[in-house]
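What follows is calculated from the coordinates using simple rules that are stated; it is not laboratory data. If you're wondering where the values come from, they're calculated on a predicted model, not measured in any experiment. Please note: Cβ atoms are built from the backbone with ideal geometry, for glycine as well, and neighbour counts cover all protein chains shown.
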Amino acid sequence: MWIKICGLNRTDTAHAFLDLAKQGIAPDAVGLNFYAKSKRVVTREMAAKIVAILPDSIEPVGLFVNHSAEEIRDLCQYTAIRTIQLHGDESPEFIAELAEFNIIRAFRVGNEGLDDVARQLERFQQLGITMTRCIVDALVSGAYGGTGHHAPWDLLRRDWQPDWPALILAGGLTSANVAQAIEAAQPQGVDVASGVEISPGHHDPEEIARFIQRARAAQS
């Protein structure tokens, strides 16, 4: 079960991950959100500090929403980030220009189904884009994620294809419902932000630990 904690913008949270890693309950990845309109936006200077603090076992992921390729490359070079999560309206052709990075594509899915996901993934394959994971968040009008709404768990379990990239479930997850979500959607990973926060960008280490422990227990 691949676990990502998203929305870091404080060094004290990064230090908390060092302590969690020593206890063997750290996540696999953390998200650094560069979307200017996000409540969890992080500056490039703070992102670089956070990346420098994180243990090698935790992968920093840069989250971008409709940034230019030059902006993405500049921010990643400055912060030493090698994995990018594209959460906006980026086309497959645009994403193909960023092949030097490890790419995670985010999709916003509602009850209408996965037809758009299928079309995009087919185009990625045609363009030779390699990605191992896709994050699926809830479809909320006017939002690019981080809303706290649930994605359609049962639909994802039924219709996500086995030859597609690994399904990483996001949207409204907490330590109280993550086991239920994993059972319902059968993802290969989970991604959480608001569900482990005291306030946007201010994470609760104890809640993070509970979330990770329950997610890993649900997998077994």
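Ranked by the mean number of other Cβ atoms within 10 Å of their residues, highest first, the peptides 53-65, 88-100, 184-196, 72-84 fall in the order 184-196, 53-65, 72-84, 88-100. By the equivalent-ellipsoid construction on the alpha carbon gyration tensor, region 2-219 comes out with semi-axes of 24, 22, 15 Å, ordered largest to smallest.
Can you give me the Cα centroid spacing of region 82-103 and region 195-210 in angstrom? Cα centres, region 82-103 to region 195-210: 28 Å. GNM on the chain, alpha-carbon springs under 10 angstrom: the most fluctuating residue among 176, 48, 106 is 176. Under the convention that each Lys and Arg Cβ holds +1 and each Asp and Glu Cβ holds -1, the size of the dipole of region 2-219 around its Cα centre is about 400 debye. Taking every DSSP bridge with both residues inside region 2-219, close to 5 percent are antiparallel.
With a sphere of radius 12 Å drawn around the Cβ of residue 100, what net charge do the other residues whose Cβ falls strictly inside it have (Lys, Arg +1; Asp, Glu -1)? Net charge around residue 100: +1. Per-residue ellipticity at 222 nm, computed for the chain from helices alone with -39500 (n - 2.57) per DSSP H run of at least four residues, works out to -10500 deg cm²/dmol.
In straight-distance terms, cross-link reach from residue 22 covers every one of the lysines whose alpha-carbon lies under 23 Å from its own, apart from those fewer than eight places away in the same chain; here that gives 4, 49. For residue 68, neighbours were defined as the other residues whose beta-carbon sits under 12 Å from its Cβ, and their charges (Lys and Arg +1, Asp and Glu -1) total -4.
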